[in-house]
Amino acid sequence: DASDIEKGTYPHFMLKEIDEQPFVMRNIINQYQNENGDLKLDDDIRAAMKGADRVYIIACGTSYHAGLVGKQLIESIANIPVESHIASEFVYNMPLLSEKPLFIFISQSGETADSRAVLVEIKRLGHKALTITNVPGSTLSREADYTLNLYAGPEIAVASTKAYTAQIAVLAILAVDSARAKGIELDFNPLQELAIVANAMEVFCDQKEEMEQIAREFLAVTRNAFFIGRAADFYVCLEAALKLKEISYIQAEGFAGGELKHGTIALIEDGTPVIALATQEHVNLSIRGNVKEVAARGAYTCVISMDGLQEEGDRIVLPKIHPYLTPLVSVLPMQLISYYAALHRDCDVDKPRNLAKSVTVE
Ligand code: G6P
């Protein structure tokens, strides 16, 4: 049928979409670059970011996880306070808004009802909104004041992969553009760094056997699994756990390394799989400590680190990339491990039970 043609030689859309990520990065670089090789962004969006005293990011699911990374990028690069919110909660638990808020809606489909409900409400209150979406002309794009496109190409698999990395890349570009508008000096060129990310992704997409091996070893029969990390790695762990839950039905949790001892470590038994991310220099020692704590309680541990931070026994060492952009590369092994885990457990990778690609009911 038609879907087989679109998948080409790939057994699943998810695997195809994971592999497309280096191309998506390069596409974003081209789309957000002018003839001089500088960043190209709408003047209106730049002015809106410059005029905001606080940014409110609203999203659901994987897009929410990209928003957590985006919060960190915008705060540290552009020096604007940011809050990230789950759309479905925002309507009931609306925080006190700042004087000049700007709302950013992150949505692959641009059709998510929970996010739209927030958009309708904040428009009613007279606030401005920017939508970051993969579907130009979608509802959230039409109803917002401004739109940034992801240029990721259609995402068919229910489990989102390339949209997540595209969202983070575009948020990094937005953060840098806003910083420049505010006269902040940076020694971070997002277009150059994204090109390095694209290459790193490519190298990594060629190492699938190792991901398949890890999935078989750690996740083939287990009931549960934990992903731990600190700082930006924590946000990627939340996404890793969601990916695994969605398509393999393994009960999975993403946890902040330091929070484990306050409860979750009680769940660690002999052989419990714990996958740790260690790509952040300033927390490398502490996350290593957390790995030892769970290993001492019987956990079966797998450490994914980054060139320059590796220790003996690490299962995967990612190529070194700019600290702002590590989630773009560290999420890749997580996506692939989830994919192979689902495959080994005979799950319907592209169309998991109970889930929809785009949720248009509140
Ligand atoms: C659904 C999808 C998720 C997605 C979420 C938000 O639950 O299954 O993969 O992250 O909606 O979708 P959006 O299109 O707004 O990014």
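Any read-out appearing in this document is the output of simple, stated calculations on the displayed coordinates, not a laboratory observation. For clarity, every value in this text was computed on a predicted model and none was experimentally measured. Please note: Cβ atoms are built from the backbone with ideal geometry, for glycine as well, and neighbour counts cover all protein chains shown.
Legend: ranking of residues THR264, THR9 from fewest to most surrounding C-beta atoms inside 10 Å; resulting order THR9, THR264.
Within the chain, what percent of beta bridges assigned by DSSP are antiparallel, to the nearest 5? DSSP beta bridges in the chain are roughly 5 percent antiparallel. Rounded to the nearest 20 debye, the dipole magnitude of region 179-256 is 360 debye, with +1 charges on Lys and Arg beta carbons, -1 on Asp and Glu beta carbons, and the Cα centre as origin. Summarising the overall dimensions of region 204-362 from its C-alpha atoms, the Rg and Dmax are 15.1, 49 angstrom. Using all pairs of distinct alpha-carbon atoms, the Kirkwood hydrodynamic radius of region 76-188 works out to 15.0 angstrom.
Only one residue of SER330, ALA157, SER98 has its Cα farthest out toward the positive end of the dipole of the chain, where Lys and Arg carry +1 and Asp and Glu -1 on Cβ, and that residue is SER98. Taking amide H atoms as placed 1.01 Å from N in the peptide plane, the amide H of HIS85 lies under 5 Å from those of ILE57, ILE58, ALA59, each 5 or more residues away in sequence or on another chain. Note that region 253-268 has calculated 3J(HN,Hα) couplings of 10, x, 10, 6, x, x, 8, 3, 5, 8, x, 5, 4, 4, 7, 6 Hz, one per residue in order, obtained from phi through the Karplus relation 6.51 cos²θ - 1.76 cosθ + 1.60 (θ = phi - 60°); glycine and proline are x.
Remark: SER305, SER248 ranked as SER305, SER248, counting other beta-carbon atoms within 10 Å and listing the fewest first. Rounded to the nearest 20, the Cβ-based charge dipole of the chain about its Cα centre (Lys and Arg +1, Asp and Glu -1) stands at 640 debye.
The sum of -39500 (n - 2.57) across all DSSP H runs of n ≥ 4, divided by the residue count of the chain, sets its helix-only mean residue ellipticity at 222 nm to -14000 deg cm²/dmol. Our Cα-only numbers for the chain put the radius of gyration and Dmax at 19.8, 58 Å.
Assuming charge only on the beta carbon of Lys and Arg (+1) and of Asp and Glu (-1), the dipole of region 273-362 about its Cα centre is about 180 debye to the nearest 20.
For trypsin sites (Lys or Arg not before Pro), the sites in region 270-354 that DSSP calls loop and that have at most 12 other Cβ atoms within 10 Å are ARG353.
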